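Since every read-out is calculated from the coordinates, none of them should be taken as a lab result. This structure is a prediction, so every number in the text was calculated from the model and none was measured. No Cβ is skipped: glycine too gets one built from the backbone with ideal geometry, and neighbour counts run over all protein chains shown.
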Amino acid sequence: MQLFPCPFCGPRSEAEFHFGGDAGNVRPDEDEVSADRWSSYLYMRHNQKGMSPSIWMHMTCGELFQLDRDTLTHSVAGSKALTEGGHR
Amino acid sequence: MHDEERKWSRLPGGELRLATPGLAIRSIIGLSQSMISGDLALATMKFGVDARGVGTGGLAFGGRYSVRLARDRMLIVTGDRVLPEQGWRDGGYALTEMSAALAVFEIRGTSANEVIKRGTDLPVDGGSPSAALVFAGVNAILYRFEDALRLHVDRGHAAFLWQWLGVAAEFDAGESDGGKGRQAGRNALAGPAE
Ligand SMILES: [Zn+2]
């Protein structure tokens, strides 16, 4: 069991969180997107080795945030809220 | 007329029959609960409750208090009457009546923390700003109330959690009480104390 830091609630059990994908995988403008770009957005994952930013939701409070975690060691470097300014 | 009521377990009432020393668990009926979403500073000023609200380690007391659920969400608990003005309010918050949506259990006694430890790995006095958590596998709200602990759970999970509490309160059965705690667990599974 690992603790994840919710930017609002603080350290909580990983079981309270839901994975939301790679951070920075921004939805392309549907009017101008190519088939390659669209399929990349939908299906291609970076699968980075090492420190990777990802999006998570803390299900008990609904906070959506970015978690920076090492995919090799699972160690967490930090998290930041995706609210305006990323502050508490 | 078609009646679905028998498909629902009755809301646990009264006190759990427990043999475990230093532990009492009861169901609290009749509290009014209103959820506030949005501008908490404005709403808490209007209703005269603490603007932060208690988290998991927080201490609530009295007949009207606030419990923090999220950055922009809070539960106001009042002893009897429902807060007025349900719905969207000018100024940026919504008030939602939740009294029938959440069952409330109170855990009291020197062994109360032992029960809590079985439901969550969050420290009882951990001081998380939010009181919302996963407890015994279901969404719940946990905080200290005066000399006890209060646990709110979705109404649909009330019967499950009541059973769970009866079983979780069995600790040390066989060693200190000759197995009576185990019997208390079976009593809990058989149904709530009347
Ligand atoms: Zn949270």
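Calculate, for residue A:49 and residue B:88, the FRET efficiency according to 1/(1 + (r/R0)^6) with r their C-beta to C-beta distance and R0 45 Å; round to the nearest 0.05.
The formula returns an efficiency of 0.40 here.
Taking the number of other C-beta atoms within 10 Å as the exposure measure, put A:56, B:8 in order starting with the fewest.
B:8, A:56
In a shell of Cβ-Cβ distance under 13 Å around residue B:9, excluding residue B:9 itself, what net charge do Lys and Arg (+1) and Asp and Glu (-1) give?
In short, +1.
Quick check for me: using +1 on Lys/Arg Cβ and -1 on Asp/Glu Cβ, what's the dipole size of region B:20-194 about its Cα centre, in debye to the nearest 20?
For this selection, approximately 140 debye.
Can you tell me which of A:53, A:11, A:28 moves the most in a GNM of chain A? Springs connect C-alpha atoms under 10 Å apart.
It is A:28.
What spacing in nm lies between the two simple spin-label points modelled at residue B:117 and residue B:171, each 7 Å away from Cα in the Cβ direction?
Calculated label separation equals 0.4 nm.
For a quick check of your reading of the filter: which trypsin sites (Lys or Arg not before Pro) in region B:26-119 sit in a DSSP loop and have no more than 11 other Cβ atoms within 10 Å?
B:81
About the Cα centre of the protein assembly as shown, how large is the charge dipole given +1 on each Lys and Arg Cβ and -1 on each Asp and Glu Cβ? Please answer in debye to the nearest 20.
560 debye
Over chain B, what is the relative contact order in whole percent, taking alpha-carbon pairs under 8 Å and six or more residues apart?
It comes to 28 percent, rounded to a whole number.
Order by neighbour count: B:39, A:36, fewest other Cβ atoms within 10 Å first, most last.
Ordered by Cβ neighbours within 10 Å, fewest first: A:36, B:39.
Where the centroid of each part is defined by its Cα atoms, how far is region B:53-82 from region B:11-28 in Å?
Taking the Cα centre of region B:11-28 as reference, the centre of region B:53-82 is 23 Å away.
Rounded to the nearest 20 debye, what is the charge dipole size of region A:3-81 about its Cα centre when +1 sits on each Lys and Arg Cβ and -1 on each Asp and Glu Cβ?
For this selection, approximately 340 debye.
Among B:51, B:152, B:105, which residue has its Cα furthest toward the positive end of the charge dipole of region B:20-194, with +1 on Lys/Arg Cβ and -1 on Asp/Glu Cβ?
The one lying farthest along the dipole's positive direction is B:51.
Got a sec? How would B:90, B:125 order by Cβ neighbour count within 10 Å, fewest to most?
Ranked by crowding around the Cβ, least crowded first: B:90, B:125.
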